[in-house]
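See structure below.
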Amino acid sequence: MRASPVSKPVSEEKIPGDLIPVPTTLGVFILLITILAFAAGRIRNEIALILIGGIFQALLSYCFFTIFILSWIHRNLPGSLEVKILNQPSPGTPGEYLFINKKKEKKIFRMPGILIRYVLQLSTKDGQRLWHLFDPDFPDPAFPTKKRGAYYTKYDEFWIFDAPGFFKLTLGIPYKPIPRLLVTPKILDSALGITIRSSGEGPGQEQPLPQNDSPLDQRPYIPGDDPRRINWKLYGHLGDLFIKKGEPEPPPHTKRLIAVDSYADPALFTPERARENVDLLCEQALALAAIWINQGIDVGIGSCESKSITRGSLFELAGALAYPSAHALGTEDELPRPAPQEALVILALPRLSPGSSALVRLGQNSAQEMNALFLYSDSALTGPAQACAEAHKSPNLHAQSINLTAYPDFKKRV
């Protein structure tokens, strides 16, 4: 039985704050060796064993008490430290940050053989984790990112530990429960070729065009026109973009809403595969948004996780697409509703049965025409995806399944 890809909250463990060093596994092992050396030396009256035990005891004592002293000296220091993340990277792009010491000390007081580190800890609701360790006196300018997501922090950590690794003391630095880092989807070179239907835009069917290439039978290209309708032959002669006059002009201000339904059926997806496939949904959503924005279309982004619809630049839409996270069926999940005369495109993963998902509830509660695209990247899901699209079809919901492995961008991705 596959584990359910349920969204999990950021870790709920207690924030560390005790000023007593804790022995590591190595520290416990060396402590046992020390005790055995003393015991064997006493029993066998071996000075060498007693001497070895004394050396280990001195080393352990130095590490423990030095860390303990530094913990009291720096007990208030973590509260004056802060890491501000400066950018909104995509996977593989370094995250940039600014490390702030509000006490404005040039150097943190240290003792020989004792190390001090700051640990940046980030995690998403669906279990992705990211952490970065650095010396607070010599902070790195950036840290690596691998996975898309909205990353939260319950607390960062301030470590004081000895170089051999016998003892470690950890102090927590709490943060507000708001997104601290947004890792946006990868930007694809192309988007899905789809036909959009809505109450405001019409069925979007192909129109027969006149075959005459005369400039008199052309009209200037208007943002919102289908780029496939551009007369590239005429462009090569005149240098301007023209559309054949038989092509209808786009609405004066077209609006489209892309909704990402991140429900992952536990019967079809493991938690890891669920996260990967929700990443694919978000990448395709961003690619569609980029194409439509270039056509002069007003694009909005929404998901089950967002409380509102995001509109604006492609940068802002990419930030909104960091939030969707793989989750199991929940009655509290709701997809955003489109405004009147607004085309709605829902990107979703295949599921075995419609059930009472957010997509089904949206279709039942809205009379507008909607488009549902069930995307998948595993040929084993072809049958379930096609059956899923058929099960969701209704008079106002146009559903289709799409195998992403047929697209060049997916082949580059893997």
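FYI, it's all coordinate maths here, none of it is from the lab. Keep in mind that this is a model prediction, so the values were computed, not measured. Here the Cβ positions follow ideal geometry from the backbone for every residue, glycine too, while neighbour counts run over all protein chains shown.
Which one of F167, I67, T124 has its Cα pushed farthest toward the positive end of the charge dipole of the range 22-183, where Lys and Arg give +1 and Asp and Glu give -1 at the Cβ?
Of F167, I67, T124, it is T124.
Give me the percent relative contact order of the range 22-183, please, defined on Cα pairs under 8 angstrom at least 6 residues apart.
Taking the mean separation of contacting Cα pairs over the length of the range 22-183, I get 25 percent.
Between T254 and residues 5 or more places away or on another chain, which pairs have amide H atoms under 5 Å apart, with H built 1.01 Å from N, and which residues are they?
D298
Highest first, please rank the peptides 283-293, 56-66, 177-187 by the mean number of other Cβ atoms sitting within 10 Å of their residues.
Working: 283-293: 22.5, 56-66: 16.3, 177-187: 18.9.
Packing order, densest peptide first, comes out as 283-293, 177-187, 56-66.
Where the only charges are on Cβ atoms (+1 Lys, Arg; -1 Asp, Glu), what is the dipole of the range 261-386 about its Cα centre, to the nearest 20 debye? Display every interim value, and only then the final one.
Working: 7 positive and 15 negative charges, 30 e Å.
It comes to approximately 140 debye.
Quick one: which of 257-268, 139-150 comes out on top by average Cβ neighbours within 10 Å, and what's the full order, highest first?
257-268, 139-150
With each label point set 7 Å from Cα along the Cα-Cβ vector, what nm distance links T93 and A58?
5.6 nm
Apply the a/c threshold of 1.5 to the C-alpha gyration tensor of the range 22-183 and tell me whether it is rounded, prolate or oblate.
In terms of gyration-tensor shape, prolate.
Using 1/(1 + (r/R0)^6) with R0 = 30 angstrom and r between the beta carbons of T24 and I187, what's the FRET efficiency to the nearest 0.05?
So the FRET efficiency works out to roughly 0.10.
Net charge near N87: determine it from the other residues with C-beta under 15 Å of the C-beta of N87, scoring Lys and Arg +1 and Asp and Glu -1.
Working: positive: K84, R148, R180; negative: E96, D140, E316.
Every neighbour counted, the sum reads 0.
Skipping prolines and chain starts, which residues have an amide H placed within reach, meaning under 5 Å, of the one on S401, given they are 5 or more residues away or on another chain?
F374
Between A163 and Q386, 0.36 nm times their residue separation minus their Cα-Cα distance comes to what?
Taking A163 through Q386 to full extension adds about 74.4 nm, to one decimal.
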